[in-house]
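The structure appears below as structure tokens.
Just so you know, all these numbers are worked out from the coordinates, no wet-lab data involved. Keep in mind that what you see is a predicted model, and the values were worked out from it rather than measured. Reconstructed Cβ throughout: ideal geometry from the backbone, glycine too, with neighbour counts over all protein chains shown.
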Amino acid sequence: MPEAASEIMAEDGEPSTSNDQNSGRSAKDKDCLENIVIPPQLPQILKLYTKSAMRTQPKDLLRWTLTYMRAMAEGRPPPVKDRGEAEPVEMSPAGLSPGFLRVLHMMLKDKNPDGKVSANDVRTAWEDLSFDPNDIEEVLDKADLTNGRVNDWRKVLVVFANTIPPTGDVAQTMRVVCEVLTEQPDGAEPYINYALWWELYVYLAKVVRNILSEKIKKVSGYLLDRTKQNFCLIGPRDFLNSDCPPLS
């Protein structure tokens with residue numbers, strides 16, 4: 001049979017051209033595409049994911065995406081910044097900003113029923129945010145999480161906050177603590193409960209910064225009277241006030 005005819009014999013003996021075969025494949029592919037069912041939730045899921053990734057700006061998008069999708073599937077808070085950060089963003093040498101510390105808090109605050117975390121808990125969450133776990137060994141040591149020990153996550157948070165510039169400034173560290181722990185809406189004064197603030201300040205003052213007890217007493221006398229007038233809530237404007245005794 002001449003090649004120019006471009007014909008081949010089908011199984012039933014009838015001639016069939018290559019164009020007929022291509023047409024058959026196209027129709028079959030079209031049928032397959034038409035049979036694909038797109039879940040109605042998919043566009044909204046992808047929209048939320050895209051917005052979350054743009055707001056959070058993770059270093060390792062693939063690892064962060066895995067953590068994000070797993071959290072969404074399991075009904076846990078995803079590793080997403082819930083509010084913007086004004087430029088320039090204060091950032092520790094490891095890349096930690098107040099916004100990322102707030103995300104870390106959302107991931108770890110309910111990790112265990114007693115509110116305590118281990119070094120491995122912190123390392124895993126840290127890596128899920130695309131950070132290098134080698135960058136936090138000093139923090140874990142200061143937070144007394146070495147040798148299998150556990151600690152209240154909020155106290156570990158204070159040690160993390162102390163690494164954000166201006167490094168070592170106790171008042172600014174406690175400002176970051178308020179911004180991370182507050183339940184006030186974005187843009188409002190980041191108030192938190194005074195009893196919690198005081199517990200974390202004393203921990204930072206004694207364990208991390210070795211501040212004399214006389215200074216701590218002066219701060220207590222001033223802030224206790226001030227916060228009583230505000231339903232026992234405290235925010236940065238209270239302890240950054242020029243009348244407040246220095247925190248360190």
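Within the chain, the selection of entire DSSP H helices by a Cα span of 18 Å or greater along the long axis and an average Kyte-Doolittle value of at least 1.6 returns an empty list. Taking all Cα-Cα distances within segment 103-248, those exceeding 20 Å account for 48%. Under 12 Å from a label point set 7 Å out along the Cα-to-Cβ vector of Phe231, the amide N atoms of segment 181-201 belong to 184, 191-193. The length gained on full extension between Leu62 and Thr50, counted as 0.36 nm times the residue separation minus their Cα-Cα distance, comes to 3.0 nm. Each Cα pair under 8 Å and six or more residues apart adds its sequence gap; the mean of these over the residue count of the chain is a relative contact order of 13 percent. If the chain linking Asn112 and Asn147 were pulled fully straight, counting 0.36 nm for each residue of separation and taking away their Cα-Cα distance, it would gain 10.7 nm. Between Asn241 and Glu74, the contour length at 0.36 nm per residue exceeds the alpha carbon distance by 55.8 nm.
The GluC sites (Glu not before Pro) found in segment 173-203 that occupy coil by DSSP, while having at most 13 further C-beta atoms within 10 Å, are Glu183.
Among 160-167, 41-48, 65-72, 213-220, the peptide with the highest mean count of other Cβ atoms within 10 Å heads the list, and the full ranking is 160-167, 65-72, 213-220, 41-48. The residues neighbouring Val202, those whose beta-carbon lies less than 14 Å from its own, together hold a net charge of +4 under the Lys/Arg +1, Asp/Glu -1 convention. Helical runs (DSSP H, four residues minimum) scored at -39500 (n - 2.57) apiece and divided by the length of the chain put the mean residue ellipticity at 222 nm at -15500 deg cm²/dmol. Counted by neighbouring Cβ atoms within 10 Å, the residues Tyr49, Tyr194 run from fewest to most as Tyr49, Tyr194. Measuring against 25 Å, Cα to Cα, the residue pairs Lys116/Lys206; Lys155/Lys215; Lys109/Lys217; Lys109/Lys218; Lys142/Lys215 contain Lys109/Lys217; Lys109/Lys218 as the ones spanning a longer distance. Taking Gln57, Gln184, Gln229 as the candidate residues, the one with maximal mean-square fluctuation in a Gaussian network model of the chain, Cα springs under 10 Å, is Gln229.
Taking every alpha-carbon pair within segment 64-152, the share separated by more than 21 Å comes to 32 percent.
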